[in-house]
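The values are calculated or read from the model by the stated rules, or taken from the named source; none is laboratory data. All of these numbers come straight from a predicted model, not from anything done at the bench. When we count neighbours, we look across all protein chains shown, and the Cβ atoms used for this are built from the backbone with ideal geometry, even at glycine. Keep in mind that these areas ignore ligands, DNA and RNA; they rest on the heavy atoms of the full protein, side chains included. Shrake-Rupley method; radii C 1.70, N 1.55, O 1.52, S 1.80 Å.
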Amino acid sequence: NARGPWDFKPAKASVQVHPGEMATVMYEFRNKQDRTMAAQAIPSYAPKQAMAHFNKLECFCFNEYTLKPGESKQWPVVFVIDPKLPKDVTTITLSYTRRFPSSCSEASRCASHPIVLLLPLPAECSIR
């Protein structure tokens, strides 16, 4: 993402996941600034009803992280989609907003980059 003091993006723009199975998505982060900076990511989900069924086991959003000038890191999101997810939900978009210290501009604190999680259709469904 070009906005803000850090670049960040998922290693893959979309992944196919099976409800009930653990999945991992790596995110890449790079501090574009000439100073050390800290940030924390705040998740959001679409559709909203997916949130109750999205169980994160490990996530960079659990903590604030610090990167030195020009430093790059990768951090995971490890999750399980609850099999009780409503059957009409076949795609979940997981987005993160980065929260930076108040010394940064408002636009910098609002940049996000989504990953699309594609859920396989139930076995009894078919596409023609």
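Annotation note: Cβ proximity below 8 Å between a residue of segment 26-53 that is in contact (Cβ under 8 Å) with a residue 40 or more places away in the chain and under 13 Å from Glu64 (Cβ atoms) and a residue that is of a type in the set (Lys, Arg) and open to solvent by 20 Å² or more (accessible area, probe 1.4 Å) (sequence gap 6+ or interchain) occurs for Phe29/Lys73; Ala39/Arg99; Gln40/Arg99; Ala41/Arg99; Ile42/Arg99.
Please go through segment 25-43 and give me each residue that is at pLDDT below 85 and open to solvent by 50 Å² or more (accessible area, probe 1.4 Å), ordered by number. Result: Ile42, single match. Against the condition at pLDDT below 90, of a type outside the set (Gly, Ala, Ser), touching a helix residue (DSSP H, G or I) at 6+ places or on another chain (Cβ under 8 Å) and closer than 22 Å to Ser14 by Cβ, how does Thr97 come out, does it pass? Taking the combined requirement at face value, the residue satisfies it.
Quick one: Phe79 ticks every box in (1) aromatic (Phe, Trp, Tyr); (2) under 20 Å from Arg99 (Cβ atoms); (3) at pLDDT 90 or above except a single one, so which number is it? All conditions are met except number (2). Is one or more of the residues making up segment 75-83 open to solvent by 50 Å² or more (accessible area, probe 1.4 Å) and either of a type in the set (D, E, K, R) or assigned to a helix (DSSP H, G or I) (or both)? No: zero hits. Working carefully through the options Thr90, Thr66, find the one that is polar (S, T, N, Q) and exposed (fewer than 13 other Cβ atoms within 10 Å of the Cβ). Answer to the check: Thr66. Cβ-Cβ distances below 9 Å connect the following pairs, each with a first residue in segment 7-25 that is among the small types (Gly, Ala, Ser), a second residue that is open to solvent by less than 20 Å² (accessible area, probe 1.4 Å) and in a loop (DSSP other than H, G, I, E, B), and a separation of six or more residues or different chains: Ala23/Val17.
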